[in-house]
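The values are calculated or read from the model by the stated rules, or taken from the named source; none is laboratory data. Bear in mind the structure is a predicted one, so any value in this text is a computation, not a measurement. Every residue, glycine among them, receives a Cβ derived from its backbone with ideal geometry; neighbour counts consider all protein chains shown. Ligands, DNA and RNA are stripped out before the accessible areas are found, and what is left, the full protein with its side chains, is counted by its heavy atoms. Shrake-Rupley method; radii C 1.70, N 1.55, O 1.52, S 1.80 Å.
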Amino acid sequence: MSATYDIILFGGDGDLSLRKLMPALYRGEVNQELDQDLRIITTAFGDSVNRDEYVANIQQWLEKQLPDRQFNPGHFKAFSRRITPVALDIVDPSKGWDELTKLINDSAHECIFYFAIPPSLFAKTCENLSAHELITDKSRVILEKPIGYDRASAEVINNAVGSYFPEDNIYRIDHYLGKETVQNLMVLRFSNYLFEHLWDAQSIDHVQISLAETVGLEGRASFYDKAGAVRDMVQNHLLQLLCLVAMEPASKMCAEVVRAEKIKVLKSLRPITGDDVFTNTVRGQYKAGVVNGKEQTGYLDELNDQLSKTETFVAIRAHIDNWRWAGVPFYLRTGKCLQKQYAEIAIQFKPVSHRVFRPEAGHMASNKLIVRLQPDENIQLQMMTKDLDHNDILLQKMNLNLNQGVPQQNADRDAYKRLLLDCLRGDSTLFIHRDEVDSSWAWLDPILEAWKNSDDKPCQYAAGTWGPTESDEMIEKDGFKWRNIKNLLGGA
Ligand code: BG6
(Lines give C-alpha, C1' and ligand atoms only; values in the text may rest on other atoms or scores of the structure.)
Protein backbone atom coordinates (compact mmCIF):
# COMPACT_ATOMS: atom_id res chain seq x y z
CA MET A 1 0.00 0.00 0.00
CA SER A 2 1.33 3.45 -0.82
CA ALA A 3 2.15 5.71 2.10
CA THR A 4 0.10 8.70 3.17
CA TYR A 5 2.08 11.91 3.31
CA ASP A 6 2.03 15.11 5.33
CA ILE A 7 3.57 18.29 4.01
CA ILE A 8 6.09 20.00 6.26
CA LEU A 9 6.56 23.47 4.93
CA PHE A 10 9.80 25.15 5.99
CA GLY A 11 9.44 28.90 5.50
CA GLY A 12 5.71 28.76 6.08
CA ASP A 13 5.62 32.48 6.87
CA GLY A 14 7.61 33.45 3.76
CA ASP A 15 6.60 35.09 0.54
CA LEU A 16 6.57 31.92 -1.54
CA SER A 17 4.39 30.03 0.92
CA LEU A 18 1.88 32.81 1.25
CA ARG A 19 1.74 33.81 -2.41
CA LYS A 20 2.04 30.47 -4.17
CA LEU A 21 2.03 27.37 -1.99
CA MET A 22 -0.96 28.06 0.25
CA PRO A 23 -3.15 29.07 -2.72
CA ALA A 24 -2.02 25.92 -4.54
CA LEU A 25 -2.85 23.68 -1.58
CA TYR A 26 -6.13 25.48 -1.01
CA ARG A 27 -7.09 24.78 -4.64
CA GLY A 28 -6.26 21.14 -3.98
CA GLU A 29 -8.71 21.27 -1.06
CA VAL A 30 -11.44 22.85 -3.17
CA ASN A 31 -11.02 20.26 -5.93
CA GLN A 32 -10.91 17.46 -3.34
CA GLU A 33 -7.49 16.40 -4.55
CA LEU A 34 -5.87 16.22 -1.12
CA ASP A 35 -5.91 13.10 1.00
CA GLN A 36 -8.48 13.48 3.73
CA ASP A 37 -5.84 13.02 6.44
CA LEU A 38 -3.10 15.13 4.90
CA ARG A 39 -1.66 17.56 7.42
CA ILE A 40 0.18 20.75 6.59
CA ILE A 41 2.73 21.56 9.25
CA THR A 42 4.40 24.90 8.65
CA THR A 43 7.38 26.44 10.34
CA ALA A 44 7.49 30.11 11.20
CA PHE A 45 10.52 31.97 12.41
CA GLY A 46 10.38 33.24 16.01
CA ASP A 47 9.87 32.12 19.59
CA SER A 48 6.18 31.50 19.35
CA VAL A 49 3.39 31.45 16.84
CA ASN A 50 -0.28 31.97 17.49
CA ARG A 51 -2.26 29.48 15.40
CA ASP A 52 -5.37 31.65 15.02
CA GLU A 53 -3.33 34.63 13.89
CA TYR A 54 -1.33 32.49 11.50
CA VAL A 55 -4.46 31.00 9.95
CA ALA A 56 -6.11 34.44 9.73
CA ASN A 57 -3.05 35.71 7.89
CA ILE A 58 -3.28 32.86 5.39
CA GLN A 59 -6.94 33.64 4.87
CA GLN A 60 -6.09 37.25 4.11
CA TRP A 61 -3.46 36.19 1.59
CA LEU A 62 -5.82 33.77 -0.11
CA GLU A 63 -8.49 36.42 -0.39
CA LYS A 64 -5.91 38.69 -1.98
CA GLN A 65 -4.19 36.14 -4.23
CA LEU A 66 -7.11 34.17 -5.59
CA PRO A 67 -9.12 35.56 -8.48
CA ASP A 68 -12.63 36.85 -7.77
CA ARG A 69 -15.09 34.52 -6.07
CA GLN A 70 -12.59 31.70 -5.69
CA PHE A 71 -12.29 32.10 -1.95
CA ASN A 72 -14.95 30.14 -0.12
CA PRO A 73 -15.20 30.32 3.69
CA GLY A 74 -16.54 26.74 3.91
CA HIS A 75 -13.62 25.30 1.98
CA PHE A 76 -11.21 27.44 3.94
CA LYS A 77 -12.56 26.09 7.22
CA ALA A 78 -11.83 22.54 6.07
CA PHE A 79 -8.47 23.61 4.70
CA SER A 80 -7.42 25.44 7.84
CA ARG A 81 -8.05 22.33 9.97
CA ARG A 82 -5.10 20.73 8.26
CA ILE A 83 -2.70 23.53 9.23
CA THR A 84 -0.44 23.51 12.28
CA PRO A 85 2.23 26.18 12.54
CA VAL A 86 5.33 25.63 14.64
CA ALA A 87 7.71 28.38 15.74
CA LEU A 88 11.14 27.14 14.83
CA ASP A 89 14.65 28.31 14.18
CA ILE A 90 16.02 26.27 11.30
CA VAL A 91 19.63 26.60 12.39
CA ASP A 92 19.16 26.18 16.12
CA PRO A 93 18.14 22.63 17.11
CA SER A 94 17.03 23.81 20.53
CA LYS A 95 14.34 26.10 19.12
CA GLY A 96 11.15 24.42 18.04
CA TRP A 97 12.63 21.19 16.67
CA ASP A 98 11.37 19.04 19.55
CA GLU A 99 7.84 20.30 19.00
CA LEU A 100 8.11 19.63 15.27
CA THR A 101 9.43 16.14 15.98
CA LYS A 102 6.57 15.39 18.34
CA LEU A 103 4.00 16.60 15.84
CA ILE A 104 5.46 14.50 13.05
CA ASN A 105 5.74 11.43 15.25
CA ASP A 106 2.13 11.81 16.39
CA SER A 107 1.10 10.25 13.11
CA ALA A 108 2.29 7.29 11.05
CA HIS A 109 2.33 9.45 7.91
CA GLU A 110 5.45 9.92 5.84
CA CYS A 111 6.71 13.43 5.21
CA ILE A 112 7.27 15.68 2.25
CA PHE A 113 9.64 18.38 3.44
CA TYR A 114 9.19 21.51 1.34
CA PHE A 115 12.20 23.84 1.60
CA ALA A 116 10.67 27.24 0.80
CA ILE A 117 13.76 28.82 2.31
CA PRO A 118 17.05 30.21 0.98
CA PRO A 119 19.35 27.44 -0.32
CA SER A 120 21.99 28.48 2.20
CA LEU A 121 19.73 26.85 4.81
CA PHE A 122 19.13 23.57 2.99
CA ALA A 123 22.11 21.73 4.51
CA LYS A 124 21.36 22.84 8.06
CA THR A 125 17.71 21.87 7.71
CA CYS A 126 18.70 18.39 6.52
CA GLU A 127 21.15 18.10 9.39
CA ASN A 128 18.51 18.96 11.97
CA LEU A 129 15.90 16.70 10.36
CA SER A 130 18.38 13.88 10.51
CA ALA A 131 19.46 14.63 14.08
CA HIS A 132 15.81 14.35 15.09
CA GLU A 133 15.44 11.11 13.11
CA LEU A 134 12.74 12.57 10.93
CA ILE A 135 14.06 11.29 7.60
CA THR A 136 12.95 7.82 6.49
CA ASP A 137 13.64 6.07 3.21
CA LYS A 138 10.19 7.17 2.05
CA SER A 139 10.59 10.87 2.96
CA ARG A 140 10.65 13.28 0.05
CA VAL A 141 12.11 16.74 -0.11
CA ILE A 142 11.09 19.55 -2.46
CA LEU A 143 13.78 22.12 -3.20
CA GLU A 144 12.96 25.56 -4.45
CA LYS A 145 15.18 27.35 -6.90
CA PRO A 146 17.72 28.88 -7.07
CA ILE A 147 19.92 25.84 -6.58
CA GLY A 148 23.14 27.78 -6.12
CA TYR A 149 24.44 30.82 -7.96
CA ASP A 150 26.93 28.93 -10.13
CA ARG A 151 28.04 25.38 -10.87
CA ALA A 152 30.28 25.00 -7.83
CA SER A 153 27.78 26.32 -5.31
CA ALA A 154 25.02 24.17 -6.84
CA GLU A 155 27.21 21.13 -6.39
CA VAL A 156 27.75 21.95 -2.74
CA ILE A 157 23.99 22.20 -2.20
CA ASN A 158 23.22 19.04 -4.17
CA ASN A 159 25.90 17.11 -2.30
CA ALA A 160 24.66 18.34 1.06
CA VAL A 161 21.03 17.41 0.42
CA GLY A 162 22.16 14.24 -1.37
CA SER A 163 23.93 13.02 1.71
CA TYR A 164 20.57 12.83 3.54
CA PHE A 165 18.11 11.98 0.75
CA PRO A 166 18.60 9.65 -2.25
CA GLU A 167 18.31 11.43 -5.60
CA ASP A 168 14.98 9.67 -6.32
CA ASN A 169 13.45 11.33 -3.25
CA ILE A 170 14.65 14.83 -4.14
CA TYR A 171 12.14 16.94 -6.06
CA ARG A 172 13.74 20.11 -7.48
CA ILE A 173 10.82 22.25 -8.49
CA ASP A 174 10.52 24.56 -11.48
CA HIS A 175 6.97 25.83 -11.57
CA TYR A 176 7.16 26.40 -15.33
CA LEU A 177 7.07 22.64 -15.79
CA GLY A 178 3.72 22.56 -13.98
CA LYS A 179 2.10 24.90 -16.48
CA GLU A 180 -0.44 22.99 -18.55
CA THR A 181 0.72 24.35 -21.90
CA VAL A 182 4.26 23.21 -21.22
CA GLN A 183 3.00 19.68 -20.88
CA ASN A 184 0.78 20.19 -23.90
CA LEU A 185 3.92 20.97 -25.85
CA MET A 186 5.12 17.43 -25.20
CA VAL A 187 1.77 16.01 -26.30
CA LEU A 188 1.85 18.14 -29.43
CA ARG A 189 5.35 17.02 -30.30
CA PHE A 190 5.03 13.37 -29.48
CA SER A 191 1.55 12.50 -30.65
CA ASN A 192 1.27 14.26 -34.00
CA TYR A 193 2.75 12.69 -37.09
CA LEU A 194 2.94 16.11 -38.67
CA PHE A 195 5.37 17.43 -36.13
CA GLU A 196 7.28 14.20 -35.66
CA HIS A 197 8.57 14.63 -39.20
CA LEU A 198 9.06 18.36 -39.24
CA TRP A 199 10.80 18.85 -35.93
CA ASP A 200 14.39 19.36 -36.98
CA ALA A 201 16.91 21.50 -38.79
CA GLN A 202 15.55 20.45 -42.20
CA SER A 203 12.25 22.17 -41.52
CA ILE A 204 12.75 24.62 -38.68
CA ASP A 205 14.40 27.92 -39.33
CA HIS A 206 14.77 29.24 -35.82
CA VAL A 207 13.13 29.21 -32.40
CA GLN A 208 12.34 32.12 -30.09
CA ILE A 209 11.53 31.72 -26.42
CA SER A 210 10.43 34.89 -24.64
CA LEU A 211 9.52 35.24 -20.98
CA ALA A 212 8.58 38.90 -20.83
CA GLU A 213 7.51 40.49 -17.57
CA THR A 214 6.07 43.90 -16.83
CA VAL A 215 6.78 43.61 -13.11
CA GLY A 216 9.92 45.01 -11.54
CA LEU A 217 11.50 44.08 -8.24
CA GLU A 218 8.23 43.42 -6.37
CA GLY A 219 9.91 44.00 -3.02
CA ARG A 220 12.57 41.35 -3.73
CA ALA A 221 15.48 43.74 -4.33
CA SER A 222 17.94 42.06 -1.98
CA PHE A 223 17.39 38.66 -3.61
CA TYR A 224 17.18 39.92 -7.17
CA ASP A 225 20.26 42.09 -7.13
CA LYS A 226 22.38 39.09 -6.20
CA ALA A 227 20.71 36.96 -8.84
CA GLY A 228 19.79 38.88 -12.00
CA ALA A 229 17.83 37.60 -14.98
CA VAL A 230 20.17 34.74 -15.89
CA ARG A 231 20.09 33.12 -12.47
CA ASP A 232 16.46 33.97 -11.80
CA MET A 233 14.92 32.93 -15.13
CA VAL A 234 17.36 31.48 -17.67
CA GLN A 235 19.12 28.83 -15.58
CA ASN A 236 15.78 27.26 -14.77
CA HIS A 237 12.59 28.28 -16.60
CA LEU A 238 14.06 29.27 -19.96
CA LEU A 239 16.43 26.35 -20.27
CA GLN A 240 13.71 23.92 -19.21
CA LEU A 241 11.50 25.20 -22.01
CA LEU A 242 14.38 24.92 -24.44
CA CYS A 243 14.87 21.31 -23.36
CA LEU A 244 11.26 20.43 -24.01
CA VAL A 245 11.38 21.94 -27.48
CA ALA A 246 14.70 20.36 -28.39
CA MET A 247 14.78 16.98 -26.64
CA GLU A 248 14.58 13.70 -28.51
CA PRO A 249 11.30 11.84 -28.12
CA ALA A 250 11.32 10.00 -24.82
CA SER A 251 10.65 6.29 -25.28
CA LYS A 252 8.10 6.56 -22.47
CA MET A 253 6.79 9.26 -20.17
CA CYS A 254 8.61 8.58 -16.97
CA ALA A 255 11.02 10.61 -14.89
CA GLU A 256 14.13 8.64 -15.70
CA VAL A 257 13.70 8.74 -19.47
CA VAL A 258 12.39 12.30 -19.84
CA ARG A 259 15.08 13.72 -17.61
CA ALA A 260 17.81 11.79 -19.41
CA GLU A 261 16.69 13.33 -22.72
CA LYS A 262 16.69 16.84 -21.25
CA ILE A 263 20.19 16.35 -19.89
CA LYS A 264 21.40 15.41 -23.39
CA VAL A 265 20.08 18.72 -24.74
CA LEU A 266 21.79 20.73 -22.03
CA LYS A 267 25.05 18.93 -22.66
CA SER A 268 24.76 19.67 -26.39
CA LEU A 269 24.43 23.42 -25.94
CA ARG A 270 27.34 25.04 -27.74
CA PRO A 271 29.51 26.73 -25.11
CA ILE A 272 29.50 30.51 -25.27
CA THR A 273 32.85 31.64 -23.93
CA GLY A 274 35.39 34.47 -24.15
CA ASP A 275 34.64 37.11 -26.79
CA ASP A 276 31.72 35.06 -28.12
CA VAL A 277 29.83 36.07 -25.00
CA PHE A 278 29.63 39.64 -26.24
CA THR A 279 28.32 38.72 -29.70
CA ASN A 280 25.85 36.06 -28.55
CA THR A 281 24.38 37.68 -25.47
CA VAL A 282 22.96 41.05 -24.52
CA ARG A 283 22.39 42.04 -20.93
CA GLY A 284 20.20 44.99 -20.06
CA GLN A 285 19.07 47.02 -17.09
CA TYR A 286 15.89 49.09 -17.06
CA LYS A 287 15.92 52.80 -16.50
CA ALA A 288 12.90 54.94 -15.69
CA GLY A 289 9.93 54.65 -18.02
CA VAL A 290 6.23 53.93 -18.19
CA VAL A 291 4.86 50.41 -17.85
CA ASN A 292 1.15 49.81 -18.43
CA GLY A 293 0.51 53.52 -18.10
CA LYS A 294 2.33 53.81 -14.76
CA GLU A 295 5.59 55.58 -14.06
CA GLN A 296 8.36 53.11 -13.28
CA THR A 297 11.51 54.15 -11.45
CA GLY A 298 14.80 52.97 -12.94
CA TYR A 299 16.42 49.84 -11.48
CA LEU A 300 19.35 51.64 -9.85
CA ASP A 301 17.09 54.18 -8.14
CA GLU A 302 14.67 51.47 -7.04
CA LEU A 303 17.62 49.62 -5.58
CA ASN A 304 19.22 52.75 -4.23
CA ASP A 305 22.60 51.62 -5.53
CA GLN A 306 24.00 53.40 -8.57
CA LEU A 307 26.79 50.86 -9.05
CA SER A 308 24.86 47.64 -9.51
CA LYS A 309 25.58 45.83 -12.76
CA THR A 310 22.86 43.25 -12.23
CA GLU A 311 21.01 42.47 -15.44
CA THR A 312 17.22 42.80 -15.47
CA PHE A 313 17.11 41.67 -19.10
CA VAL A 314 19.02 39.11 -21.10
CA ALA A 315 18.92 37.90 -24.69
CA ILE A 316 20.99 34.92 -25.82
CA ARG A 317 21.62 33.34 -29.21
CA ALA A 318 22.07 29.65 -28.48
CA HIS A 319 22.93 26.67 -30.66
CA ILE A 320 22.45 23.00 -29.97
CA ASP A 321 25.25 21.01 -31.51
CA ASN A 322 23.60 17.74 -32.43
CA TRP A 323 22.21 16.13 -35.58
CA ARG A 324 18.65 17.32 -35.07
CA TRP A 325 19.43 20.98 -34.49
CA ALA A 326 22.66 21.75 -36.35
CA GLY A 327 22.52 25.32 -37.62
CA VAL A 328 19.18 26.27 -35.99
CA PRO A 329 19.50 29.29 -33.72
CA PHE A 330 17.49 29.38 -30.50
CA TYR A 331 16.91 32.94 -29.31
CA LEU A 332 16.19 33.22 -25.61
CA ARG A 333 14.99 36.38 -23.98
CA THR A 334 13.63 37.46 -20.63
CA GLY A 335 13.34 40.74 -18.79
CA LYS A 336 11.63 42.75 -16.10
CA CYS A 337 9.65 45.96 -16.79
CA LEU A 338 9.06 45.15 -20.45
CA GLN A 339 6.13 46.33 -22.49
CA LYS A 340 3.90 43.28 -22.08
CA GLN A 341 3.69 40.33 -19.72
CA TYR A 342 3.70 37.09 -21.65
CA ALA A 343 5.58 33.86 -22.10
CA GLU A 344 5.74 32.02 -25.37
CA ILE A 345 7.70 29.70 -27.60
CA ALA A 346 7.66 30.51 -31.31
CA ILE A 347 8.86 27.89 -33.75
CA GLN A 348 9.45 29.37 -37.16
CA PHE A 349 9.48 26.91 -40.04
CA LYS A 350 11.54 27.35 -43.22
CA PRO A 351 10.05 29.21 -46.18
CA VAL A 352 8.65 27.07 -49.00
CA SER A 353 11.37 26.22 -51.45
CA HIS A 354 9.80 27.82 -54.54
CA ARG A 355 7.21 30.55 -54.90
CA VAL A 356 4.59 29.75 -57.52
CA PHE A 357 2.34 32.79 -57.00
CA ARG A 358 2.86 36.11 -58.79
CA PRO A 359 4.23 38.97 -56.65
CA GLU A 360 0.82 40.75 -56.56
CA ALA A 361 -0.58 37.81 -54.56
CA GLY A 362 1.18 39.31 -51.58
CA HIS A 363 3.66 38.35 -48.92
CA MET A 364 4.11 34.66 -48.20
CA ALA A 365 4.95 34.20 -44.53
CA SER A 366 6.60 31.03 -43.29
CA ASN A 367 4.59 28.75 -41.02
CA LYS A 368 4.93 29.38 -37.36
CA LEU A 369 3.88 27.36 -34.36
CA ILE A 370 3.19 29.57 -31.38
CA VAL A 371 2.94 28.03 -27.95
CA ARG A 372 1.74 30.68 -25.54
CA LEU A 373 2.07 29.82 -21.87
CA GLN A 374 0.62 32.99 -20.39
CA PRO A 375 -1.33 35.12 -19.85
CA ASP A 376 -3.53 32.94 -22.05
CA GLU A 377 -2.76 29.30 -22.75
CA ASN A 378 -2.91 29.20 -26.46
CA ILE A 379 -1.40 27.16 -29.27
CA GLN A 380 -1.65 28.41 -32.83
CA LEU A 381 -0.26 27.27 -36.13
CA GLN A 382 0.11 30.09 -38.62
CA MET A 383 -0.60 29.01 -42.19
CA MET A 384 -1.01 30.71 -45.54
CA THR A 385 -4.42 30.50 -47.23
CA LYS A 386 -6.24 32.16 -50.13
CA ASP A 387 -8.37 35.18 -49.39
CA LEU A 388 -11.73 33.79 -50.53
CA ASP A 389 -13.29 37.21 -51.05
CA HIS A 390 -11.23 37.81 -54.18
CA ASN A 391 -11.30 36.05 -57.52
CA ASP A 392 -7.61 36.59 -57.95
CA ILE A 393 -5.26 34.71 -55.75
CA LEU A 394 -4.44 36.84 -52.76
CA LEU A 395 -2.44 35.22 -50.00
CA GLN A 396 -3.48 35.65 -46.41
CA LYS A 397 -2.17 34.43 -43.11
CA MET A 398 -4.58 32.45 -40.94
CA ASN A 399 -4.22 30.71 -37.62
CA LEU A 400 -5.21 27.18 -36.80
CA ASN A 401 -6.24 27.69 -33.22
CA LEU A 402 -5.81 24.93 -30.66
CA ASN A 403 -6.99 27.03 -27.77
CA GLN A 404 -9.00 24.90 -25.37
CA GLY A 405 -10.48 27.23 -22.84
CA VAL A 406 -11.50 30.71 -21.91
CA PRO A 407 -8.70 32.78 -20.35
CA GLN A 408 -10.34 32.79 -16.91
CA GLN A 409 -10.32 29.00 -16.76
CA ASN A 410 -6.70 29.04 -17.77
CA ALA A 411 -5.90 31.46 -14.97
CA ASP A 412 -7.40 29.03 -12.45
CA ARG A 413 -4.93 26.30 -13.30
CA ASP A 414 -2.13 26.22 -10.85
CA ALA A 415 1.36 25.02 -11.67
CA TYR A 416 2.36 24.66 -8.03
CA LYS A 417 -0.73 22.60 -7.24
CA ARG A 418 -0.03 20.31 -10.15
CA LEU A 419 3.55 19.75 -9.02
CA LEU A 420 2.66 19.30 -5.35
CA LEU A 421 0.14 16.63 -6.34
CA ASP A 422 2.76 14.96 -8.53
CA CYS A 423 5.15 14.86 -5.58
CA LEU A 424 2.43 13.43 -3.32
CA ARG A 425 1.97 10.70 -5.94
CA GLY A 426 5.71 10.14 -6.18
CA ASP A 427 5.97 11.21 -9.83
CA SER A 428 9.13 13.21 -10.46
CA THR A 429 8.86 13.47 -14.28
CA LEU A 430 8.27 17.22 -14.07
CA PHE A 431 11.01 17.85 -11.53
CA ILE A 432 14.68 18.54 -12.18
CA HIS A 433 17.48 16.02 -11.83
CA ARG A 434 20.74 17.23 -10.29
CA ASP A 435 22.55 16.63 -13.58
CA GLU A 436 20.21 19.12 -15.26
CA VAL A 437 21.15 21.71 -12.66
CA ASP A 438 24.81 20.94 -13.18
CA SER A 439 24.68 21.08 -16.98
CA SER A 440 22.72 24.32 -17.09
CA TRP A 441 25.20 26.02 -14.79
CA ALA A 442 28.10 24.58 -16.79
CA TRP A 443 26.71 26.39 -19.85
CA LEU A 444 25.91 29.66 -18.07
CA ASP A 445 28.99 30.02 -15.86
CA PRO A 446 31.29 31.31 -18.67
CA ILE A 447 28.68 33.90 -19.67
CA LEU A 448 28.33 35.18 -16.13
CA GLU A 449 32.08 35.11 -15.70
CA ALA A 450 32.75 37.12 -18.87
CA TRP A 451 30.20 39.74 -17.85
CA LYS A 452 31.69 39.94 -14.37
CA ASN A 453 35.17 40.48 -15.74
CA SER A 454 34.10 43.07 -18.29
CA ASP A 455 34.15 46.80 -17.57
CA ASP A 456 31.01 47.18 -19.68
CA LYS A 457 27.76 47.94 -17.94
CA PRO A 458 24.48 46.33 -18.93
CA CYS A 459 22.81 48.10 -21.88
CA GLN A 460 20.12 50.48 -20.71
CA TYR A 461 16.49 50.23 -21.77
CA ALA A 462 13.54 52.35 -20.81
CA ALA A 463 11.01 50.51 -18.66
CA GLY A 464 7.97 49.69 -20.77
CA THR A 465 9.92 48.91 -23.95
CA TRP A 466 11.11 45.59 -25.36
CA GLY A 467 14.58 45.77 -23.85
CA PRO A 468 17.77 47.31 -25.19
CA THR A 469 18.14 48.01 -28.91
CA GLU A 470 21.28 45.83 -28.83
CA SER A 471 18.98 42.83 -28.38
CA ASP A 472 17.12 43.74 -31.60
CA GLU A 473 20.42 44.22 -33.38
CA MET A 474 21.64 40.78 -32.31
CA ILE A 475 18.70 38.94 -33.85
CA GLU A 476 18.42 41.28 -36.86
CA LYS A 477 22.00 40.50 -37.82
CA ASP A 478 20.74 36.97 -38.53
CA GLY A 479 17.85 38.31 -40.63
CA PHE A 480 15.12 37.77 -38.01
CA LYS A 481 13.04 39.93 -35.69
CA TRP A 482 11.80 39.38 -32.17
CA ARG A 483 8.09 38.66 -32.00
CA ASN A 484 6.91 41.53 -29.83
CA ILE A 485 3.27 40.86 -29.05
CA LYS A 486 0.96 43.84 -28.88
CA ASN A 487 -2.43 42.18 -28.51
CA LEU A 488 -2.43 39.31 -26.12
CA LEU A 489 -5.44 37.13 -25.28
CA GLY A 490 -6.44 35.11 -28.26
CA GLY A 491 -4.16 36.60 -30.87
CA ALA A 492 -0.79 35.31 -31.88
C1 BG6 B 1 10.15 33.18 -10.58
C2 BG6 B 1 11.13 34.32 -10.59
O3 BG6 B 1 10.82 31.96 -10.58
O4 BG6 B 1 9.34 33.25 -11.74
C5 BG6 B 1 10.41 35.65 -10.65
O6 BG6 B 1 11.91 34.26 -9.41
C7 BG6 B 1 9.46 35.67 -11.83
O8 BG6 B 1 11.33 36.73 -10.74
C9 BG6 B 1 8.57 34.44 -11.82
O10 BG6 B 1 8.68 36.85 -11.75
C11 BG6 B 1 7.74 34.36 -13.07
O12 BG6 B 1 6.82 33.32 -12.95
P13 BG6 B 1 5.45 33.39 -13.71
O14 BG6 B 1 4.82 32.06 -13.49
O15 BG6 B 1 4.68 34.52 -13.10
O16 BG6 B 1 5.80 33.66 -15.14
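With a 1.4 Å probe and all protein chains left in place, how much of the accessible area of the stretch 107-185 comes from carbon and sulfur atoms, in whole percent? Mind dumping the intermediate values first?
Details: 1440 of 2920 Å².
Looking at the stretch 107-185 in its full context, I get 49 percent from C and S.
Kindly rank 388-397, 76-85 from highest to lowest mean number of other beta carbons found within 10 Å of each residue. It would help to have the intermediate numbers written out before the result.
Numbers: 388-397: 11.4, 76-85: 17.7.
The peptides rank, most packed first, as 76-85, 388-397.
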Derived scalar couplings ³J(HN,Hα) [the stretch 277-282; Karplus, 6.51 cos²θ - 1.76 cosθ + 1.60; whole Hz; x for Gly, Pro]: 4, 7, 9, 10, 9, 9
For Cα pairs less than 8 Å apart in space and 6+ apart in sequence, what is the mean separation divided by the residue count of the chain, i.e. the relative contact order in percent? 17
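What whole-number value in Å² describes the accessible area per residue of the chain for a 1.4 Å probe?
Values: 22590 Å² over 492 residues.
Per residue, the chain has 46 Å² of solvent-accessible surface.
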Just want the answer: with Cβ charges of +1 for Lys and Arg and -1 for Asp and Glu, which residue in A343, G284, S308 is farthest toward the dipole's positive end in the stretch 279-358? A343
Starting from the amide H of A116, placed 1.01 Å from N in the peptide plane, find each other amide H under 5 Å away whose residue is 5 or more places distant or on another chain. F10
Classified through the alpha carbon gyration tensor (a ≥ b ≥ c as square roots of its eigenvalues; rounded if a/c is under 1.5, else prolate when a/b is larger than b/c, else oblate), the stretch 125-240 comes out oblate
Residues listed by number, the stretch 290-309, amide nitrogen under 12 Å from Q460 label point at 7 Å toward C-beta: 298-301
I'd like the Karplus ³J(HN,Hα) series for the stretch 284-295: coefficients 6.51, -1.76, 1.60, θ = phi - 60°, whole numbers in Hz, and an x wherever there's a Gly or Pro. x, 9, 7, 10, 4, x, 10, 10, 6, x, 10, 4
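Take each of the peptides 248-257, 138-147, average the number of other beta-carbon atoms within 10 Å over its residues, and list them starting from the highest.
Working: 248-257: 12.8, 138-147: 21.0.
Result, highest mean first: 138-147, 248-257.
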Tell me, what is the percent relative contact order of the stretch 296-406, built from C-alpha pairs under 8 Å that lie six or more residues apart? 17
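Dipole magnitude of the chain about its Cα centre, charges +1 at Lys/Arg Cβ and -1 at Asp/Glu Cβ only, in debye to the nearest 20? Display every interim value, and only then the final one.
Working: 56 positive and 69 negative charges, 245 e Å.
Here the chain has a charge dipole of around 1180 debye.
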From the square roots a ≥ b ≥ c of the eigenvalues of the alpha-carbon gyration tensor of the stretch 266-352, which class results: rounded (a/c under 1.5), prolate (a/b over b/c), or oblate? oblate
For the stretch 124-188, whose charge dipole is built from +1 on Lys and Arg Cβ atoms and -1 on Asp and Glu Cβ atoms, the candidate among S139, I173, A160 with its Cα farthest towards the positive end is I173
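How big is the charge dipole of the stretch 295-425 about its Cα centre, in debye rounded to the nearest 20, if each Lys and Arg gets +1 on its Cβ and each Asp and Glu gets -1 on its Cβ?
Details: 17 positive and 16 negative charges, 128 e Å.
Value, rounded to 20: 620 debye.
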Just name one of N105, P23, M247: the one whose Cα is farthest towards the positive end of the charge dipole of the chain (beta-carbon charges, Lys/Arg +1, Asp/Glu -1). M247
Rounded to a whole %, the carbon-and-sulfur portion of the accessible area of the stretch 1-91 at a 1.4 Å probe is 43
Hey, what number do you get for the chain at 222 nm if only DSSP H runs of n ≥ 4 count, each worth -39500 (n - 2.57), divided across all residues, to the nearest 500? -9500 deg cm²/dmol
Only four residue types carry charge here, +1 at the Cβ of Lys and Arg and -1 at the Cβ of Asp and Glu. Report the dipole size of the stretch 217-282 about the Cα centre in Debye, rounded to the nearest 20. 240
Cut-off under 5 Å, modelled amide H: who pairs with H206 long-range: Q348
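Below 8 Å, C-alpha to C-alpha, sequence gap of six or more: please give me the relative contact order for the stretch 55-131 in percent.
Numbers: 27 pairs, mean separation 19.7, N = 77.
It comes to 26 percent, rounded to a whole number.
Based on the Cβ-Cβ distance of W323 and A123, what FRET efficiency does E = 1/(1 + (r/R0)^6) give at R0 = 51 Å, to the nearest 0.05? Before the final figure, lay out each step's value.
Working: r = 41 Å, r/R0 = 0.80.
The calculated FRET efficiency here is 0.80.
Above 38 angstrom, tally the Cα pairs of the chain and express them as a % of all pairs, no decimals.
Tail of the P(r) past 38 Å holds 29 percent of the pairs.
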Entries of K64/K124; K226/K477; K368/K397; K287/K336; K368/K481 with Cα pairs more than 22 Å apart: K64/K124; K226/K477
How much accessible surface area, in Å² rounded to 10, belongs to the heavy atoms of D456 with a 1.4 Å probe? 90
